[in-house]
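Peer 1: My questions all concern the structure below.
The values are calculated or read from the model by the stated rules, or taken from the named source; none is laboratory data. As the structure is a computational prediction, the values presented were derived from the model and not from experiment. Glycine also receives a Cβ, built like all others from the backbone with ideal geometry; neighbour counts cover every protein chain displayed.
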Amino acid sequence: MTTASDTDAPTRPRVRLRPTADARAVRHGAPWVYADELVLDRRSRSLASGTLAVLEDAQRRPLGLVTVNPHSKIVARMLDQDPMAVVDTDWIAVRLRRAMSLRTRLCDPAFHRLVHAEADGLPGVVIDRFGDLAVIQPNAAWAEAHLDALSEALVAETGVAHVVKNGTGRARLREGLAEDTRILHGAVDGPVAVPMNGATYLADVIAGQKTGLYYDQRDNHAFAARLAHGGRVLDVFSHVGGFALATLVAGADHALAVDGSAPALTLATEGALRSGVATRFETRHEDAFSAMEALAAEGARFDLVICDPPAFAPAKAALEAGLRAYERTARLAAALVAPGGYLGLCSCSHAADLARFRTACNRGIGRAGRAAQLLHTGFAAPDHPTLPQLAESGYLKALFFRLDG
């Protein structure tokens, strides 16, 4: 599928960096241009969201092809260093093939994150694969406008029979895009079974969080499983049983999954049944902080406690409040760890970098009166590659501690 703006490339509009903007950063791979870096006159402000344009430096030298959204803080996203590139099904297919070749080497060829936005050359686009089904999150205006081409190329290159559009989340709101989740190709008749780390998870690809499952924690699940054999596990903010199921199939004696979503816990229970660990699995439908406080009052202790909360600091404006929330999480969780046991704390907030997150966790553990050894620092699984020029693409952190006293 080729759009009119693609076929008429020589007449594309042009947008220009301010003299104070760092054109070298763009030339060296920086994928975003913010509103205060671009000359936003009446002409450029009138461009429709998702318009393809040629980005120029202050001397009007072309830097590449960008997609423009005048209503977003990220006004321009780099699509191609060739300003005359034609963005169509073939252009998308080239990027999908490159992404597929990486995943074939790294992980299960049918269950993985296939496209991780800017890091895979498709800005704002997330694609997760679940066997013969794939979920597309078009989180940028250009992707929404080229959704048919994305779906067409995805089916042709991967052979999936079913494609779902998940049009929810903060990223779409920031782009001025409406929420819209629907089936683009094929059919969906219920949650999808996903094998990972020896367990079976159930992903609700229509009504679940994000695409239905978090592949990014795959390697951190595996590390936690090494700590859990023969022990009692508490998985807080468990979603569909993420850490709990991985630790149970690795030999944990018992796991309690806590989450505020009853549907997610229902899927976790079904996953435990399919994984053959249902007799050692328990759920608690409650606010995570309330549940940890109640468990402490009950005198409960666990050999491994893991907390994987939602993004407490999704943007810089929320950073300080988010760090306090991470500190509180660490304090409450540390109080539930048995002497000599283990604590895993996670953050998916890109605004809270590793150093600040680690400091917040250390403060919380100290406020709980516990001493700790930091054993391991984990990140997103490698099917979530990081673009070196975009710190936001490396969002996930996981810290594993051994607690004394």
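Peer 1: Restricting attention to region 103-117, which residues are touching a helix residue (DSSP H, G or I) at 6+ places or on another chain (Cβ under 6 Å) and under 19 Å from Trp91 (Cα atoms)?
Peer 2: Hits for region 103-117 are Leu114, Val115.
Peer 1: Between residues in region 288-302 that are touching a residue at least 40 places away in the same chain (Cβ under 8 Å) and residues that are of a type in the set (Lys, Arg) and surrounded by 12 or more Cβ atoms within 10 Å (Cβ to Cβ), which pairs lie under 8 Å by C-beta distance while being six or more apart or on different chains?
Peer 2: Phe289/Arg328; Ala291/Arg284; Arg301/Arg232; Phe302/Arg232
Peer 1: Could you check how many residues of region 280-299 are part of a loop (DSSP other than H, G, I, E, B) and over 28 Å from the mean Cα position of the chain (by Cα)?
Peer 2: 2
Peer 1: (1) among the aromatic types (Phe, Trp, Tyr); (2) touching a residue at least 60 places away in the same chain (Cβ under 8 Å); (3) in contact with a Ser or Thr (Cβ under 8 Å, 6 or more places away or on another chain): which one isn't true of Phe281, the others all being true?
Peer 2: (2)
Peer 1: Further, regarding this structure: Pull up region 53-77, narrow it to residues that are of a type in the set (Gly, Ala, Ser) and touching a strand residue (DSSP E or B) at 6+ places or on another chain (Cβ under 8 Å), then point me to the one that is surrounded by the most Cβ atoms within 10 Å (Cβ to Cβ).
Peer 2: Filtering first and then ranking leaves Ala76.
Peer 1: To continue, here is another question. Under 9 Å by Cβ, and 6 or more places apart or on different chains, what pairs join a residue from region 173-185 that is in contact (Cβ under 8 Å) with a residue 12 or more places away in the chain with one that is surrounded by fewer than 16 Cβ atoms within 10 Å (Cβ to Cβ) and not in a loop (DSSP other than H, G, I, E, B)?
Peer 2: Cβ pairs passing all conditions: Glu179/Leu173; Leu184/Asp148.
Peer 1: Which ones in region 72-111 are part of a loop (DSSP other than H, G, I, E, B), over 30 Å from Arg16 (Cβ atoms) and in contact with a Gly (Cβ under 8 Å, 6 or more places away or on another chain)?
Peer 2: Correct list: Ala110 only.
Peer 1: If you check Leu213, Leu245, Leu234, which single one turns out to be crowded, with 16+ Cβ neighbours inside 10 Å, in the same structural domain as Leu295 (by TED's automatic domain parsing), of a type outside the set (Phe, Trp, Tyr) and closer than 26 Å to Ala117 by Cβ?
Peer 2: Leu213
Peer 1: So, one more: All but one of (1) of a type in the set (S, T, N, Q); (2) surrounded by fewer than 21 Cβ atoms within 10 Å (Cβ to Cβ); (3) under 30 Å from Asp404 (Cα atoms) hold for Thr266, so report the exception by its number.
Peer 2: All conditions are met except number (3).
Peer 1: Could you figure out which of (1) modelled with pLDDT of 95 or more; (2) buried (at least 18 other Cβ atoms within 10 Å of the Cβ); (3) in contact with a strand residue (DSSP E or B) (Cβ under 7 Å, 6 or more places away or on another chain) isn't true of Asp80?
Peer 2: (2)
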